[in-house]
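Engineer: This structure is in structure tokens; I'll ask about it shortly.
The values are calculated or read from the model by the stated rules, or taken from the named source; none is laboratory data. All values reported here derive from a predicted model rather than from experimental measurement. All Cβ positions, even for glycine, are placed from backbone atoms using ideal geometry, and neighbour counts span all protein chains on display. The protein model used for the area step is the full one, side chains on, heavy atoms only, and it has no ligands, DNA or RNA in it. Shrake-Rupley method; radii C 1.70, N 1.55, O 1.52, S 1.80 Å.
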Amino acid sequence: EKETVVPRERRLVAAVIYNRLRNRMPLGIDATIRYGRNVPGTEPLKASDIRSNSPYNTRNRLGLPPTPIANPGLASILAAANPARVDYLYFVRKGNGKTHFFTASEAEFCQKSLEYGYGGC
């Protein structure tokens, strides 16, 4: 629910989450870090937030966080029940602040992260 505001991206986000879980990769979802550290979406995450040992830090822990971080709407529940059939493992918010770039390549993800002003990997 917290990962995209664009309806057509919900199934893609769900696919990334399932693919990362299946591959035993950290989810790397910043919204979970924000929730666990009480950082509003209007503020950037600090290095200390990203390094934190919070159980909600899905950058350094495998699996799902211990509790939901939001109440999903019906559209998000349906997307989770029927994820897109893609091999994507990464996504990054584009410079427009709404839509995302999706890829299976870590190198491509890092390049786009740098391009969109997030500092790369």
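Engineer: Please identify every one of the trypsin sites (Lys or Arg not before Pro) in segment 77-106 that sits in a loop by DSSP and has no more than 15 other beta carbons within 10 Å of its own beta carbon.
Structural biologist: Arg85, Lys94, Lys98
Engineer: Given +1 on the Cβ of Lys and Arg, -1 on the Cβ of Asp and Glu, and no further charges, what dipole in debye does segment 14-121 carry about its Cα centre, rounded to the nearest 20?
Structural biologist: So the dipole magnitude of segment 14-121 works out to roughly 180 debye.
Engineer: Mind checking the log10 I(q)/I(0) for segment 1-42 at q = 0.19, 0.35 Å⁻¹? Debye, one equal scatterer per Cα, no solvent, two decimals.
Structural biologist: -0.65, -1.10
Engineer: Another question, if that's okay. Before I look further, what does the chain give for accessible area per residue, probe 1.4 Å, in whole square angstrom?
Structural biologist: Per-residue accessible area for the chain comes out at 63 Å².
Engineer: Let me ask something additional. Could you please state how large a percent of the accessible area of the chain is carbon and sulfur, counting protein chains only and using a 1.4 Å probe?
Structural biologist: The computed percentage sits at 52.
Engineer: Let me ask something else about it. Using only the alpha carbons of segment 29-94, determine the length spanned along each of the three principal axes and report them from longest to shortest in whole angstroms.
Structural biologist: The Cα atoms of segment 29-94 stretch 35, 25, 25 Å along the principal axes, largest first.
Engineer: Same structure, new question: Amide H of Ala104 versus every other amide H placed in the peptide plane: which residues, excluding those fewer than 5 positions away on the same chain, fall under 5 Å?
Structural biologist: Under 5 Å from the amide H of Ala104: Leu89.
Engineer: Evaluated at 37 °C with a viscosity of 0.692 mPa s, what Stokes-Einstein diffusion coefficient in µm²/s does the chain have when Rh comes from the Kirkwood expression over alpha-carbon pairs?
Structural biologist: 222 µm²/s
Engineer: If you don't mind, another one. Select from the chain the helices, each a whole stretch of DSSP H, whose alpha-carbon atoms run 24 Å or more along the helix axis and whose Kyte-Doolittle mean is at least -1.0; answer none if there are none.
Structural biologist: none
Engineer: I need the peptides 17-23, 45-51 ranked by packing, meaning the mean over residues of other C-beta atoms within 10 angstrom, with the highest value on top.
Structural biologist: 17-23, 45-51
Engineer: Residue-wise, which Karplus ³J(HN,Hα) couplings in Hz belong to segment 87-94, taking 6.51 cos²θ - 1.76 cosθ + 1.60, θ = phi - 60°, and x for glycine or proline?
Structural biologist: Working through the residues one at a time gives 9, 4, 10, 9, 8, 9, 5, 6 Hz.
Engineer: Suppose only helical runs count, i.e. DSSP H with n ≥ 4. What mean residue ellipticity at 222 nm does that imply for the chain under -39500 (n - 2.57) per run, divided by all residues and rounded to the nearest 500 deg cm²/dmol?
Structural biologist: The per-residue figure over the chain is -10000 deg cm²/dmol.
Engineer: Here's a follow-up. Put a dot 7 Å past each Cα toward the Cβ at Cys121 and Asn23; how far apart are the dots in nm?
Structural biologist: With each label placed 7 Å out from Cα toward Cβ, I get 0.9 nm.
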